[in-house]
1. Scan (1) outside any helix (DSSP H, G or I); (2) hydrophobic (A, V, I, L, M, F, W, C); (3) surrounded by 23 or more Cβ atoms within 10 Å (Cβ to Cβ); (4) in contact with a strand residue (DSSP E or B) (Cβ under 7 Å, 6 or more places away or on another chain) for the single condition I59 breaks and write down its number.
2. Do we have L142 as in contact with a helix residue (DSSP H, G or I) (Cβ under 6 Å, 6 or more places away or on another chain), crowded, with 16+ Cβ neighbours inside 10 Å, assigned to a loop (DSSP other than H, G, I, E, B) and of a type outside the set (S, T, Y) here?
3. Please go through segment 169-227 and pick out each residue that is surrounded by fewer than 18 Cβ atoms within 10 Å (Cβ to Cβ), part of a helix (DSSP H, G or I) and among the polar types (S, T, N, Q).
4. Anything in segment 462-518 that is among the aromatic types (F, W, Y), in a loop (DSSP other than H, G, I, E, B) and over 21 Å from the mean Cα position of the chain (by Cα)? List them, or say none.
5. Given (1) crowded, with 17+ Cβ neighbours inside 10 Å; (2) in a strand (DSSP E or B), where does V99 come up short, assuming only one miss?
6. Does segment 228-255 hold any residues that are part of a loop (DSSP other than H, G, I, E, B) and of a type in the set (A, V, I, L, M), and which are they?
Amino acid sequence: MVFSLRNRILSVITLILAIGNFCSAQVSTATIDSLVNEAMTQFKVAGLAVGVVQDGKIIHSKGYGYANVEKKNEVTEHTNFAIASNSKAFTATAIGILVEEGKLEWDAKVKSIIPEFEMYNEYVTNNFTVKDLLSHRSGMGLGQGDLMWFPDGNDFKIDDMLTAFSDVEPRSGIRTELRYNNILFFIAGEVIARVSGMSWEDFIAKRIFEPVGMESSVTSISRIGKLPLASPHANFGGQLKVLDDYAPQVNGAAAGIYANVNDLCNWMMLQLNHGTLGDVKVFDAKTQKNHLWKLHTVTSANGNPKYNAHFGGYGLGWFLGDMNGNLVASHSGGMPGMLSKTTLITDKNVGIVILTNTSDDGAMVFSALTNTLGDAFLEVEPTNWIGRYATYYKQNTANTDSVVQAVWSKVTASNVSTYDKQIVGKYSDSWFGDIEIKKKGGKLILCCERSPKLTGELFYYSDFTYLVKWDYQDMNADAYVKFDMTADSAPTGFSLEGVSPNIDFSFDFDDLKIKRVK
């Protein structure tokens, strides 16, 4: 998402949760300022914001750097960032509120609420529950279906998502493994809309944002108005480039919220106080204990020995684990040019949120800062996380760059294919729709009709394989195009495979079954 944005999020957070030899009593604004300054010298980020709460109080809420490097407007504690998948915890909380009101049950069958809902076989379709939507245990592959919302600018609607998985191959049995899936959270947003009679956006704004005092945050980019907003950035050849804002999504249930650290401090205090903030009760403590923060999908049982950790997995909208005897609930979020991390050390009554507006480097910053501050509050032996992530990032980037450059170096003017005429035509996938390969201005162009940003020139590589360089370059998603041929070299279809070893998992090309139709 490139680290691929989120691929690196998933990999680097497994190093898990400073520089500086200090304990929790010394986590001051000056300390955090120093850490941020050090991190920003190691990594190229436009801006970031940090919020820290402890014992029901905000102890730090501050912005750093630029919201937009071209306009030079500075980040403050009120600057909104796309929090991406950190939105999922809001969706799970909203479901909990509806359950408490008797309007829904955790184990209600999705099909009883959305009759048109379909999954990959009859049993799963008829037995898939609301809880299954929120716990990444569907049996489908990592990020399967994400091309329906990623990249933006496509024409997929919620109706497409409700039936898209009727003709896919699962990767595991239902409720057996954690395989992260965004589309099912969009469907959870539709459940909220149908049960409550309000859009997901309105429900979150009215039932969570308003009582919690998140007055400057919004549930969709379409609602941002004149509120301060950080622009997404990416690092191209050492220079930061401002990217376009992400378009509104079919609903915000998977990744739609734009929020600032000041408001998110209130959100963290609500969670740490088990549903109550001041004299306002948003949800019941039992909802959190028995559902949101209950382990539903196990990811590991052998944790990091530094933290004497023993379990890890996913609750509902939260990753869960233990560190030094403390329950930790956390989540990261990633979209093009926007990365975030929320961490709640629940038994210490501590919350940490880091928001960044730069791809790749931002993941290193939020990981290093979160881990450093986490170590301080946990009072464990400090680690030079900034240095460790800097080394990791340098090595990983160099390896990725060398792989990509080696592939493209094989594409030269002397590479001539005898298959150019044969591959021109129309192709289709059951859920992603039509794809056309055509000649235009002497070039071979591949066009994904439902996702216009996935249009690009084809270059012959070798054998029956081409490379596509997408017009969309905000993220490194260029791909191999591998044709299936008959004995007389007539194409019957093709597959797509990312060139970069760090391609974001939301470019789920490997889930497509592309067949020639004309």
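1. I59 satisfies all of (1) outside any helix (DSSP H, G or I); (2) hydrophobic (A, V, I, L, M, F, W, C); (3) surrounded by 23 or more Cβ atoms within 10 Å (Cβ to Cβ); (4) in contact with a strand residue (DSSP E or B) (Cβ under 7 Å, 6 or more places away or on another chain) except (3).
2. In short, no.
3. S222
4. The one that is among the aromatic types (F, W, Y), in a loop (DSSP other than H, G, I, E, B) and over 21 Å from the mean Cα position of the chain (by Cα): F464.
5. (2)
6. A230, L243, A247, V250, A253, A254, A255
Residue-wise test of (1) in a strand (DSSP E or B); (2) within 16 Å of C265 (Cβ to Cβ); (3) assigned by TED's automatic domain parsing to the domain that holds Q271.
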| residue | (1), (2), (3) |
| --- | --- |
| L327 | yes, no, yes |
| G333 | yes, no, yes |
| K341 | yes, yes, yes |
| L344 | yes, yes, yes |
| D347 | no, no, yes |
| I354 | yes, yes, yes |
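Here's the yes/no breakdown for (1) within 27 Å of A254 (Cα to Cα); (2) polar (S, T, N, Q); (3) modelled with pLDDT under 95; (4) touching a Ser or Thr at 6+ places or on another chain (Cβ under 6 Å):
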site	(1), (2), (3), (4)
N290	yes, yes, no, no
T299	yes, yes, yes, no
P305	no, no, yes, no
N308	no, yes, yes, no
F311	yes, no, yes, no
G315	yes, no, no, no
F319	yes, no, no, yes
N326	no, yes, no, no
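The values are calculated or read from the model by the stated rules, or taken from the named source; none is laboratory data. Source: prediction; values computed, not measured. No Cβ is skipped: glycine too gets one built from the backbone with ideal geometry, and neighbour counts run over all protein chains shown.
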